[in-house]
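Trainee: I'd like to ask some things about the structure below.
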Amino acid sequence: MQEQVKQVAAQETVIYKKRRQLPDIWHRFCKNKRAVCGLVIMILIVLAGIFAPVICQYDPIQQNLREAYQTPSLAHWFGTDSIGRDLFTRVVYGIRTSLLCGIIAVTISLVIGGTLGAIAGYYGGKVDNVIMRFMDILLAIPSLLLAISMVAALGGGMINMLFAIGFSSMPTYCRTLRGEILKIRKTDFVEAAKAAGAKDSWIIIKHIIPNCLAPIIVRVTMGVASAILFCASLSFIGLGIAPPTPEWGQMLSFGRDFIRTYPHMSTFPGLAIMVTVFSLNMMGDGLRDALDPKMKT
């Protein structure tokens, strides 16, 4: 019994040390100029989405045919589309839609895939074999193709699109969490918790998952970028968010018929997607380096 108490106390000491490592992680992250640049860009993008009604003076949905096909000017910074809607306003309001879709889709992937990965990694054996073979089947199908197939079968709309993106990205989170749990499940503090009579669900949630957060955080950050691209791709082909809701992929699709005569209709939504995904990827790279113990100096 005393040995078990010592092992639990040792685990608490490890957790305390990890809390003390947070300033060190932040310091290493700040040393990466590209990661800091990505973080600053993302903060500006998020703030622009939050304060869109303050920044924009036009309605993102209201049509004004008298001002259709206008090129960028002081009155309309990004110009207008074929039915007179201000493109700057729609791009800024599209931040809300794209980021929300990315976050929700990744949450679905993380909850479902993470749960299955935790079960497979902790119990092993036949359970692990069945779950991972199912994940291998999903991995054999390109994620975007699987998402398109699911949306085509379930029907368009935001809810079906988010579920399709989340389900198609699930194997990545499942394999990531399973691999980390396989490293941790035989450690002393897990064995001590089992000996103390703790339930398996409690051990996984309280003791194992907190020690797997570093790779999950990196995967989630990059996963949001991929989900935004998936959302834009599905909306571009008409299987995603329906008009008139401002969404970048839908705006690209709307402007592709005017790409030669009015290229600004496609240029600015495309730049918004590129900048957002690029900044998230830079953040993900910086987090990976900052959370990797091998990167310590």
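The values are calculated or read from the model by the stated rules, or taken from the named source; none is laboratory data. These numbers were taken from a predicted model, which means no experiment stands behind them. Heads up, the Cβs are rebuilt from the backbone with ideal geometry, glycines too, and the neighbour counts pull from every protein chain shown.
Trainee: Of everything in the stretch 185-200, what is of a type in the set (Gly, Ala, Ser), under 17 Å from ALA118 (Cβ atoms) and either within 31 Å of the chain's Cα centre (by Cα) or not in a loop (DSSP other than H, G, I, E, B) (or both)? Give them in sequence order.
Mentor: Quick first cut of the stretch 185-200, residues of a type in the set (Gly, Ala, Ser) only: 192-193, 195-198.
Checking the rest, the ones that are also under 17 Å from ALA118 (Cβ atoms) come to 193, 198.
The one that is of a type in the set (Gly, Ala, Ser), under 17 Å from ALA118 (Cβ atoms) and either within 31 Å of the chain's Cα centre (by Cα) or not in a loop (DSSP other than H, G, I, E, B) (or both): ALA193.
Trainee: Could you give every pair whose Cβ atoms fall below 7 Å, whose first residue belongs to the stretch 145-160 and is without any contact (Cβ under 8 Å) to a residue 12 or more places away in the chain, and whose second residue is among the β-branched types (Val, Ile, Thr) and not in a loop (DSSP other than H, G, I, E, B), counting only separations of at least 6 or pairs across chains?
Mentor: Pairs that qualify, where the first residue is without any contact (Cβ under 8 Å) to a residue 12 or more places away in the chain and the partner is among the β-branched types (Val, Ile, Thr) and not in a loop (DSSP other than H, G, I, E, B), are ASN160/VAL151.
Trainee: Right, GLY79: touching a Pro at 6+ places or on another chain (Cβ under 9 Å), surrounded by 15 or more Cβ atoms within 10 Å (Cβ to Cβ), touching a residue at least 24 places away in the same chain (Cβ under 8 Å) and on the phi > 0 side of the Ramachandran plot or not?
Mentor: Details: touching a Pro at 6+ places or on another chain (Cβ under 9 Å): yes; surrounded by 15 or more Cβ atoms within 10 Å (Cβ to Cβ): yes; touching a residue at least 24 places away in the same chain (Cβ under 8 Å): yes; on the phi > 0 side of the Ramachandran plot: yes.
The answer is yes for GLY79.
Trainee: Considering only the stretch 209-233, state which residues are among the polar types (S, T, N, Q) and either modelled with pLDDT under 85 or under 29 Å from LYS186 (Cα atoms) (or both). Let's see the steps before the verdict.
Mentor: Initial filter on the stretch 209-233 (among the polar types (S, T, N, Q)): 211, 221, 226, 233.
Within the stretch 209-233, ASN211, THR221 meet the criteria.
Trainee: Filtering the stretch 154-174 down to residues that are surrounded by 20 or more Cβ atoms within 10 Å (Cβ to Cβ) and not small (Gly, Ala, Ser), which residue is nearest to SER235 (Cα to Cα)? Before you say what the answer is, go through the steps one by one.
Mentor: To start, the set of residues in the stretch 154-174 that are surrounded by 20 or more Cβ atoms within 10 Å (Cβ to Cβ) comprises 161-162, 164-166, 168-174.
Subsequent filtering for residues that are not small (Gly, Ala, Ser) retains 161-162, 165, 170-174.
Numbers: MET161: 9, LEU162: 11, ILE165: 12, MET170: 21, PRO171: 23, THR172: 23, TYR173: 24, CYS174: 27 Å.
Looking at the filtered set, the residue picked out is MET161.
Trainee: Any idea which of (1) touching a His at 6+ places or on another chain (Cβ under 7 Å); (2) without any contact (Cβ under 8 Å) to a residue 24 or more places away in the chain is the one THR71 doesn't satisfy?
Mentor: (2)
Trainee: From the list TYR69, TYR93, which residue is in a loop (DSSP other than H, G, I, E, B) and either out of contact with any Asp or Glu (no Cβ under 6 Å at 6 or more places or on another chain) or surrounded by fewer than 21 Cβ atoms within 10 Å (Cβ to Cβ) (or both)? Quick ask: steps written out before the conclusion?
Mentor: On the way: TYR93 fails: in a loop (DSSP other than H, G, I, E, B).
Just one listed residue meets the conditions, TYR69.
Trainee: Looking at THR245, THR176 in this structure, which one is modelled with pLDDT of 85 or more, in contact with a helix residue (DSSP H, G or I) (Cβ under 7 Å, 6 or more places away or on another chain), not in a helix (DSSP H, G or I) and not aromatic (Phe, Trp, Tyr)? Even if it seems obvious, please write down each step before you answer.
Mentor: Numbers: THR176 fails: not in a helix (DSSP H, G or I).
So the residue among THR245, THR176 that is modelled with pLDDT of 85 or more, in contact with a helix residue (DSSP H, G or I) (Cβ under 7 Å, 6 or more places away or on another chain), not in a helix (DSSP H, G or I) and not aromatic (Phe, Trp, Tyr) is THR245.
Trainee: Hey, another quick one. Consider the stretch 206-238. How many of its residues are over 19 Å from ALA35 (Cβ atoms) and either touching a residue at least 40 places away in the same chain (Cβ under 8 Å) or buried (at least 24 other Cβ atoms within 10 Å of the Cβ) (or both)? I'd like the intermediate steps shown before the answer.
Mentor: Kept after step one, since they are over 19 Å from ALA35 (Cβ atoms), are these residues of the stretch 206-238: 206-212, 227, 229-238.
Pick out the ones that are also either touching a residue at least 40 places away in the same chain (Cβ under 8 Å) or buried (at least 24 other Cβ atoms within 10 Å of the Cβ) (or both) and you get 207-210, 227, 229-235, 237-238.
Total satisfying the criteria: 14.
Trainee: Just the residues that are under 16 Å from PRO72 (Cβ atoms), touching a helix residue (DSSP H, G or I) at 6+ places or on another chain (Cβ under 8 Å), surrounded by fewer than 22 Cβ atoms within 10 Å (Cβ to Cβ) and aliphatic (A, V, I, L, M), please, taken from the stretch 248-283.
Mentor: Across the stretch 248-283, the qualifying residue is only ILE259.
Trainee: Go through the stretch 72-90 residue by residue and tally those that are out of contact with any helix residue (DSSP H, G or I) (no Cβ under 7 Å at 6 or more places or on another chain) and part of a helix (DSSP H, G or I).
Mentor: Filtering the stretch 72-90 down to residues out of contact with any helix residue (DSSP H, G or I) (no Cβ under 7 Å at 6 or more places or on another chain) leaves 73-75, 85-86, 88-89.
Among the residues that remain, those that are also part of a helix (DSSP H, G or I) are: 88-89.
Selection size over the stretch 72-90: 2.
Trainee: Out of all the residues in the stretch 183-195, which are surrounded by 15 or more Cβ atoms within 10 Å (Cβ to Cβ) and either under 13 Å from GLY121 (Cβ atoms) or of a type in the set (Ser, Thr, Tyr) (or both)?
Mentor: Listed by number, the residues that qualify are ILE184, ARG185, THR187, VAL190.
Trainee: Can you name the number of the only condition in (1) in contact with a helix residue (DSSP H, G or I) (Cβ under 8 Å, 6 or more places away or on another chain); (2) polar (S, T, N, Q); (3) over 15 Å from MET161 (Cα atoms) that SER235 fails?
Mentor: Answer for SER235: the failing condition is (3).
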